[in-house]
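Just below is one structure, and these are the notes that go with it.
Read-outs: derived from the displayed coordinates by stated rules, not from any lab. Source: prediction; values computed, not measured. Backbone-built Cβ (ideal geometry, glycine too); neighbour counts: all protein chains shown.
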């Protein structure tokens, strides 16, 4: 398996949602590569201005627009070689209250980006998905599950443009996630608000998410889905690890699950896990390329009774192992040094 990005040398890249947690981290990682141009596409002019000043590169150009509006994507897509589609509504509770907004951005917006990429003969597009798309119980997960189906449907008919999907769990210390919340509560001597102590979540850093996307870029064929093998922990151990790191005496307050939350998160359904290919650090699931004309299909495929791949049956980290993982995050170390 390849894990290099020589293929994008002297290319033009477009990152939708480029000022978000993933997009900005991805930009910082690749901004010094030998690229022709990197285009950042997003709605927030303030975040764009901040990122523009931080990166300060002639190769990075910023486009104001919304994936819901095809015409703004078209303006940014012309001449692009590779697209990284990270634009999405990601907050589970807000999508529960405004489900049609998640439909407009996560589903219709994705179709707009993919069709514009195909029209402009983009070589490959990587669509970023989430564990919440597996067995979805909330509007955000449902919209991302349909997003994946949109990508796979477009891949069936796309000849020149390869369309791949990466699916990963909660990114540690990303905007709006639980680690910044716990740290803020610790610094303000407040109780740590834990939803359900036994709740488990995958633990994955932004750098690991970037590496997953780059792996998909190097190795993905049309319709492929990639998942990284990730460890997990329960929420109470994560809270305990942060308390230990910051030498905090904050108490834990159990507040119950938020709207649309699961007890455990799934990265591969049992059906997907049955046909996945183990690539060492990653799983690959290739798309079903059969047509609707089943009378011409003689192949019989067993449905799996195996377990899914979820945050409960993956490797569970101890409190000390969680601390070691947290220490790899620049965000946590910077706050510890300021404290």
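Working from label points 7 Å from Cα in the Cα-to-Cβ sense, the residue 320 to residue 187 distance is 2.9 nm.
Please say if segment 30-183 is rounded, prolate or oblate, where rounded means a/c under 1.5 for a ≥ b ≥ c the square roots of the C-alpha gyration tensor eigenvalues, and otherwise the choice is prolate for a/b larger than b/c and oblate otherwise?
On the way: a/c = 1.71, a/b = 1.13, b/c = 1.52.
Oblate, since a/c reaches 1.5 and b/c is not below a/b.
Full extension of the chain between residue 229 and residue 32 yields a length gain of 68.1 nm, computed as 0.36 nm times the residue separation minus the alpha carbon distance.
For segment 93-248, the alpha carbon convex hull comes to 124 Å³ per residue, rounded to a whole number.
Approximating the spin labels as points 7 Å out from Cα along Cα→Cβ, the residue 254-to-residue 331 distance works out to 2.6 nm. The Cα-based radius of gyration and maximum Cα-Cα distance (Dmax) for the chain are 20.2, 67 Å. The Cα atoms of segment 247-291 cover 56, 28, 12 Å along the three principal axes, with the biggest extent listed first. Enumerate the residues in segment 124-155 having an amide nitrogen under 17 Å from the point lying 7 Å beyond the Cα of residue 100 toward its Cβ. Backbone N within reach: 139-140, 143. Each DSSP beta bridge with both residues in the chain is either parallel or antiparallel, and the antiparallel ones are about 25%.
Please compute the contact order of segment 187-317 in relative form: average sequence separation of alpha-carbon pairs under 8 Å and at least six residues apart, divided by the residue count, as a percent.
Numbers: 178 pairs, mean separation 49.1, N = 131.
Worked out over segment 187-317, it gives 37 percent.
With contacts taken as Cα pairs under 8 Å at a separation of at least 6 residues, the chain carries a relative contact order of 16 percent.
With N set to the residue count of segment 32-113, report its C-alpha Rg divided by 2.2 N^0.38 Å to two decimal places. Mind showing how you got there, number by number?
Values: Rg = 14.1 Å, N = 82, 2.2 N^0.38 = 11.7 Å.
Its radius of gyration relative to the 2.2 N^0.38 Å reference: 1.20.
Converting the Cα gyration tensor eigenvalues of segment 105-192 into ellipsoid dimensions via √(5λ) gives semi-axes, longest first, of 34, 14, 10 Å.
Please compute one quarter of the surface area of the Cα convex hull for segment 219-295 and express it in square nanometres. That works out to 9.1 nm², a quarter of the Cα hull's surface.
Note on segment 178-314: Rg/Rh from Cα positions, Kirkwood definition for Rh, rounded to two decimals, is 1.11.
A P(r) calculated from all alpha carbon pairs of segment 94-154, with 10 Å bins opening at zero, reads 24, 52, 20, 4 percent.
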